[in-house]
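Accompanying notes for the structure given below.
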Amino acid sequence: MGGFFGVAAQENCTFDLFFGVDYHSHLGTRRGGMAVYGKDGFNRAIHNIENSPFRTKFDKDMQEMSGHFGIGCISDYEPQPLIVRSHHGTYALTTVSKINNVRELSEMLFNSGHSHFLEMSGGDINATELIASLINQKQNLIEGIRYAMDQVDGSVSLLLMNQQGVYAARDKMGRTPVVIGRKEDAFCASFENFAFKKLNYTLYKELGPGEIVVLTAKNCVTLSDPGRDMKICTFLWVYYGYPASSYEGVSVEQMRYNCGEKMAQRDHIKPDIVAGVPDSGTAHAVGYANASGVPFSRPFIKYTPTWPRSFMPTIQSERNLIAKMKLLAVEDIIKDKSLLLIDDSIVRGTQLRETTEFLYECGAKEVHIRPACPPLLYGCKYLNFSRSSSEMDLITRRVIARLENGNVTDEVLQKYSDPETEEYERMVEEIRKELNFTTLRFNRLDDMLDAVGIDKCKLCTYCWDGKE
């Protein structure tokens, strides 16, 4: 995933930039970066944050950097922001993106005279460098940004900084958010709206799909009007978003309460306690408990003093191990109890199976699992939601392939996405048995979308139903 923050201020913006970027640390694991522009021109710092939080790595940089414009990011993959020199002049660029047509775009650029791209350590092209190259295909900077967004199969939102100000552009379908904040003598642009509130900014506006603005210390000027159609990622509310965030005016925490309530209204199990897998499952569980009357409890606690960050290593086996190490049992609450456990989703199922075994080892009598979203049937085309290299990493796809003897077509998948079909029931039962749950019941897509509460046509549901 990833997140970004930008500032245009009358005075030095580095303090606001540092803390604004840090408030996005829940969105990425690999790299952090800041770039500023001031009287000495451009200055930039990029650090690896896999084993140390953003604040620790960038504290010294904050003391030394100075500028009245600044952009920064938490990146889950590529190093950024980049400093680019082109016919547009010199600018800094950071993106939140997923680009499915990297090969086609790079070949197109080579054919048009682009000489080379720098490969990252894994052999891939830096997505932000690719976006910069697309921007540079046009003579006008705004036309270049629009062109880049139109050429990408996937999604891209970006911040671009030059001597004129900070440009912010939201993905053409609004799949990720960009929010503008304002205070005296400063404007900011942020992925998360809560990131600027403690810095004394107030909400100025949310950018619409495809909208481009430029920020200076005094103004926020729209350079490209928003489009009418939107497909914002529903997982922002279910999982990605920090509880204090809101998107399109809908609170993440409140949506999760609503989601839990919807799940409780359809359930028939009467457990002793309801619990959430920390942290993203907790609010869903509170909503379920409030609606059902079953007491909410915390049968295990996440150990945060040394494992404070939501995302840890990039290697999946290491992530599984760390996830297991972080959860500590409260055995007196678990022993001889029937537990109903809510997690945000089931992807591979590995962690939740180990969590369930852990609860049984601690004396749990029953473990009923309630994912807060429907079964994930399709790998996300628009955000870097999962590190899976193949859709067959999804437990649903493995089970369906087994049930269908490998004959998994879109027509077949549509049957398994419908909670009213026999195919859906067989899939859920196979997952339940494989992961050793007492019972398993996924949230329904219609209930989850009702829990968000905005027009369903504005919400992306591709990973659940394959519909674009």
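Some notes on this structure:
- Burial ranking of peptide ranges 153-163, 41-51, 335-345 (average Cβ count within 10 Å, highest at the top): 153-163, 335-345, 41-51
- Using 0.36 nm per residue and subtracting the Cα-Cα separation, the extra length available between residue 86 and residue 64 on full extension is 5.2 nm.
- Counted charge near residue 422, where neighbours are those whose Cβ lies closer than 12 Å (Asp, Glu -1; Lys, Arg +1): -3
- The charge dipole of the chain, taken about its Cα centre with unit charges on the Cβ of Lys, Arg, Asp and Glu (plus for the first two, minus for the last two), comes to roughly 700 debye.
- Percent RCO, i.e. relative contact order, over the stretch 5-133, from Cα pairs under 8 Å lying at least 6 residues apart: 26
- Its alpha carbons give the stretch 255-465 an Rg and a Dmax of 16.8, 48 Å.
- As a rough guide to protection, the peptides 79-90, 54-65, 10-21 ranked by mean Cβ packing within 10 Å, highest first, stand as 10-21, 79-90, 54-65.
- Ranked by the mean number of other Cβ atoms within 10 Å per residue, highest first, peptides 362-369, 432-439, 93-100 order as 93-100, 362-369, 432-439.
- Each listed q (0.11, 0.13, 0.17 Å⁻¹) maps to a log10 I(q)/I(0) for the stretch 321-436 from the Debye sum over equal C-alpha point scatterers, namely -0.42, -0.57, -0.90.
- Taking other C-beta atoms within 10 angstrom as a stand-in for reagent exposure, 130, 445 fall in the order 445, 130, fewest first.
- Inter-centroid distance (Cα atoms) of the stretch 442-459 relative to the stretch 254-286, Å: 16
- Under 13 Å of direct C-alpha separation, and excluding same-chain neighbours fewer than eight residues apart, residue 172 reaches these aspartates and glutamates: 150, 153, 211, 225, 229.
- Rg in Å to one decimal, and Dmax rounded to a whole Å, for the stretch 2-230 via C-alpha atoms: 16.1, 48
- The Cα center of the stretch 323-343 and the Cα center of the stretch 40-105 differ in position by 40 Å.
- For the stretch 255-465, a simple Cβ point-charge model (Lys and Arg +1, Asp and Glu -1, everything else neutral) yields a dipole of about 640 debye relative to the Cα centre.
- Computed from the C-beta positions of residue 420 and residue 301, the FRET efficiency with R₀ = 41 Å rounds to 0.60.
- Cβ-Cβ FRET estimate between residue 405 and residue 269, R0 fixed at 35 Å, reported to 0.05: 0.60
- MRE, 222 nm, helices only [DSSP H, n ≥ 4, -39500 (n - 2.57), over the chain, to nearest 500]: -9000 deg cm²/dmol
- Checking the Cα-Cα distances for 218/458; 138/231; 337/433 against a 22 Å cut-off, the pairs over it are 218/458; 138/231.
- Whole-number percent relative contact order across the chain, with pairs defined as alpha carbons under 8 Å at least 6 apart: 12
- By the beta-carbon count within 10 Å of each Cβ, the least crowded to most crowded order of 23, 242, fewest first, is 242, 23.
- A viscosity of 0.890 mPa s and a temperature of 25 °C, combined with the Kirkwood radius over Cα pairs in Stokes-Einstein, give a translational diffusion coefficient for the stretch 177-318 of 138 µm²/s.
- The order of 462, 303, going from fewest to most other C-beta atoms within 10 Å of their C-beta, is 303, 462.
Read-outs throughout are calculated quantities, based only on the coordinates presented, and are distinct from any laboratory measurement. As the structure is a prediction and not an experimental result, all values here were calculated from the model. No Cβ is skipped: glycine too gets one built from the backbone with ideal geometry, and neighbour counts run over all protein chains shown.
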